[in-house]
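The next block holds one structure in the form of structure tokens; read it before the comments.
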């Protein structure tokens, strides 16, 4: 099967824009691995938050191709250089997504609420001092604050607002981000999750996690339950077991995350 | 920027309660043909704010849409309407210009087809 993705030689670049790297490749691999499901899913509105070089959104458009012709694509980035580079990358591949220079989805959150069927995010996940978050240029592509979660947590709140009832979210996380805790947090909002790709490089261990609404999950009616015990224990265990199966996963992470914030 | 995108954008300035729709200031419009997809049009139709869409199309120089939103059944049968809806929604691009907050008058520039919705520190 010849699923096309973006060609590296056609991806544009700029000194202030994050180039396609292991995390970008892992995210595209995850989307490819799930391509058949995505084609059956027939998303109407697809979106990438933080499009950087444009490698991921271009690959997504190419792999869904004409079979998902009924879809439109939107991509945002806070870095205006990244928006230009994404535009050049898309033009080189003859695809079109609507680009907006904005912080996460600011300006779209009201009207786009509940309309996004597919959201992909490679967030700034690197743990950094908090004051490095929100800087201009390429730093915005990686500076993630404490545990690399400052921007991730903001994005997740926006994602919960934007995703349609049948919306899927694919997100890159690092072990240091405590992905099992992210999954538990999302479960409280009614989302099931699965690791699509898990990859360890010399520098980092990446997980690409897919989230989708599971209507069998009992969501806290008023969000008053202060800890993660709200979700049925068996289901939480099944999420955790996905991580525990991974040999590099340190049990201390799982244990400490059980106490929540 | 397509009119689809315009229909999804609001002013994001702190304290603004009535930020939709953004008024369009046109410097340059370009038309880019794309293949029509009826499924997409039918799926997105109920999500479109028709008045904002109608007004935006007029400002962009396209006057062939009905002022009142048609019944959804029209999308099943009226190919002529689908073609016009498709054209105004996806083929008209605001290439250069601005989007203006209806409450504060703050302009969000649109350059090379890309709206800049970034806020200044005192607007967040």
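All of the numbers you see were taken from the coordinates with simple rules; none came from a lab. Nothing here was measured: the structure is a model prediction, and the numbers come from that model. Positions of Cβ are generated from backbone atoms using ideal geometry, with glycine treated the same way; all protein chains shown enter the neighbour counts.
Among the residues of B:114-122, the average count of other protein chain beta-carbon atoms within 10 Å of the residue beta-carbon is 5.
Measuring between their Cα centroids, the stretch A:149-225 and the stretch B:1-20 lie 27 Å from each other. Among A:131, A:192, a tally of other beta-carbon atoms within 10 Å of each Cβ gives an order, fewest to most, of A:131, A:192. Beta bridges assigned by DSSP with both partners in the protein assembly as shown are antiparallel in approximately 60 percent of cases. When each of the peptides A:138-147, B:35-44 is scored by the mean number of other C-beta atoms lying within 10 Å of its residues, the order from highest to lowest reads A:138-147, B:35-44. Comparing B:97, B:15, B:113 in a Gaussian network model of chain B where C-alpha atoms under 10 Å apart are linked, the largest mean-square fluctuation is found at B:15. As a rough footprinting exposure proxy, the listed residues A:166, A:84 were ranked by other beta carbons within 10 Å of their own, and the order from fewest upward is A:166, A:84. The value given for the protein assembly as shown is a Kirkwood hydrodynamic radius of 21.7 Å, derived from the mean inverse Cα-Cα separation. Comparing Cα centroids, the stretch A:75-132 and the stretch B:22-41 end up 20 angstrom apart. Between the Cα long axis of helix B:50-59 and the first principal axis of chain B there is an angle of about 80°, rounded to the nearest 10. Binning all Cα-Cα separations of the stretch B:3-123 at 5 Å, short to long from zero, yields these whole-percent fractions: 2, 11, 21, 22, 18, 13, 8, 4, 1, 0, 0. Per residue of chain B, the DSSP helices (runs of n ≥ 4 H) give a summed -39500 (n - 2.57) that works out to -7000 deg cm²/dmol at 222 nm. Please compute the contact order of chain B in relative form: average sequence separation of alpha-carbon pairs under 8 Å and at least six residues apart, divided by the residue count, as a percent. Computed value for chain B: 39 percent relative contact order.
Ordered by the count of other Cβ atoms within 10 Å of each Cβ, fewest first, A:106, A:193 give A:106, A:193.
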